[in-house]
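The values are calculated or read from the model by the stated rules, or taken from the named source; none is laboratory data. For clarity, every value in this text was computed on a predicted model and none was experimentally measured. Cβ coordinates were reconstructed from backbone atoms using ideal geometry, including for glycine residues, and neighbour counts include every protein chain displayed. All accessible areas refer to the heavy atoms of the entire protein, side chains included, with ligands and DNA or RNA removed. Shrake-Rupley method; radii C 1.70, N 1.55, O 1.52, S 1.80 Å.
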Amino acid sequence: MPPVRVSVRRGSGQAGESARFEQHTVELGKKASVLDALFALQRGPCPDLAFRFSCRVGMCGSCAMVVNGREQLTCSTLVQDIGNDLRIEPLRNLPVTRDLAVDLSPFFDAYKSSLPQFIPRDDLDQNDFYPLPHDGKEWKALNHQPQCIDCGCCYSACTLVTLNPRYLGPMALHRALNLMVDPRDKARAERLKLVGGECGAFRCHTLGNCRDACPRGISPTHSIERLKRLAIAGWFKRLFGKRA
């Protein structure tokens, strides 16, 4: 593979310090990933370069960054699929801790605001399984999408989060839907109030940036649209219930 030119964002993220981009050239193998390019920078011209990684197989989400303007898992994104000119930045919409590492606190704070924990119904037998036949209505109503790995790519790509930091964001709303359509969970009504509020699903403009950015192929856009329909159905039920 020809030498790869890497432009990498540097800076501590502290107030008053402006970020800068450094340009370097590295030698990589044919099947090298973008994460391998960062390791090459650490071994060479940037020994103090800060970034996160863990599993290196695209399962933990730790190494999510913006590569050539698009959110990617750097461990599973090959350089040969992008080209020999790389521009690597930290995730958007999150405070930069240093270089390419971000503070994920706002991301997980929004997640916690959606009541993301499973709350089992009181009538469930804790010592037995709850059957969900594949031909039944309950199974078909579930949100059949891949498992989220909490990488933050959707949160970074969401322009509504950029405009309104109070917006819960795609991942939190996607998780809320997963639980709301689960027949074993008892907090559907409480969760619906949270996601149907001012900073919930109706803030979404259905641009689909989160869907395009997700490395797992999840469509939070689809989940949010289902949440909107559930919220509207709930409003009508309450309206006509009062009139009855």
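Cross-link partners of residue 237 among lysines, defined as those whose alpha carbon lies under 17 angstrom from its own and excluding same-chain residues fewer than eight positions apart: 193, 228. Placing a label point 7 Å from the Cα of residue 118 along the Cα-to-Cβ direction, the residues of the range 170-186 whose backbone N falls under 15 Å of that point are 175-186. Checking every one of the GluC sites (Glu not before Pro) in the range 1-41 against DSSP loop status and a limit of 12 other Cβ atoms within 10 Å picks out 17, 27. Here the gap between residue 193 and residue 70, fully extended at 0.36 nm per residue and compared with their Cα-Cα distance, gives a gain of 41.0 nm. Taking 12 Å as the cut-off, the amide N atoms of the range 26-41 that come nearer than this to a point 7 Å along the Cα-to-beta-carbon line of residue 80 belong to 29-33. All C-alpha to C-alpha distances of the chain, sorted into 10 Å bins beginning at zero, yield P(r) values of 7, 27, 29, 20, 11, 5, 1, 0 percent in whole numbers. Sort the range 1-93 into rounded, prolate or oblate with this rule: let a ≥ b ≥ c be the square roots of the eigenvalues of the Cα gyration tensor; rounded if a/c is under 1.5, and if a/c is not under 1.5, prolate when a/b is larger than b/c, oblate otherwise. Oblate. One decimal place: the segment residue 205-residue 7 gains 68.0 nm when fully extended, by the rule 0.36 nm per residue minus the C-alpha distance. For the chain, a Gaussian network of Cα nodes joined below 10 Å ranks 89, 190, 71 by mean-square fluctuation, and the top entry is 190. Other residues whose C-beta falls under 13 angstrom from the C-beta of residue 48 contribute a net charge of +1, scoring Lys and Arg +1 and Asp and Glu -1.
Where the accessible area of the chain is counted over protein heavy atoms with a 1.4 Å probe, how much of it, in %, is carbon and sulfur? C and S atoms contribute 52 percent here. Distance from the C-alpha centroid of the range 105-158 to that of the range 188-244: 14 Å, rounded to the whole angstrom. Filter the trypsin sites (Lys or Arg not before Pro) in the range 1-59 to those in DSSP coil with at most 11 other Cβ atoms within 10 Å of their Cβ, and list the result. For trypsin sites (Lys or Arg not before Pro) across the range 1-59 that sit outside H, G, I, E and B with at most 11 neighbouring Cβ atoms in 10 Å, the list reads 30, 31. Anisotropy class assigned to the range 70-137 is oblate, per the alpha carbon gyration tensor with a/c at or over the 1.5 cut-off and a/b no larger than b/c.
Seen from every direction in turn and averaged, the convex hull around the alpha carbons of the range 152-213 projects onto 4.2 nm². Think of it as helices only: each DSSP H run of n ≥ 4 in the chain is worth -39500 (n - 2.57), and spread over all residues that comes to -10000 deg cm²/dmol at 222 nm. Among the chymotrypsin sites (Phe, Trp or Tyr not before Pro) in the range 67-173, those placed in a DSSP loop whose Cβ has at most 12 other Cβ atoms within 10 Å are 118, 129.
Per residue, the accessible area of the range 94-197 comes to 53 Å² when a 1.4 Å probe rolls over the protein heavy atoms. Note on residue 53 and residue 232: their simple-model spin labels are 4.6 nm apart, each label 7 Å out from Cα toward Cβ.
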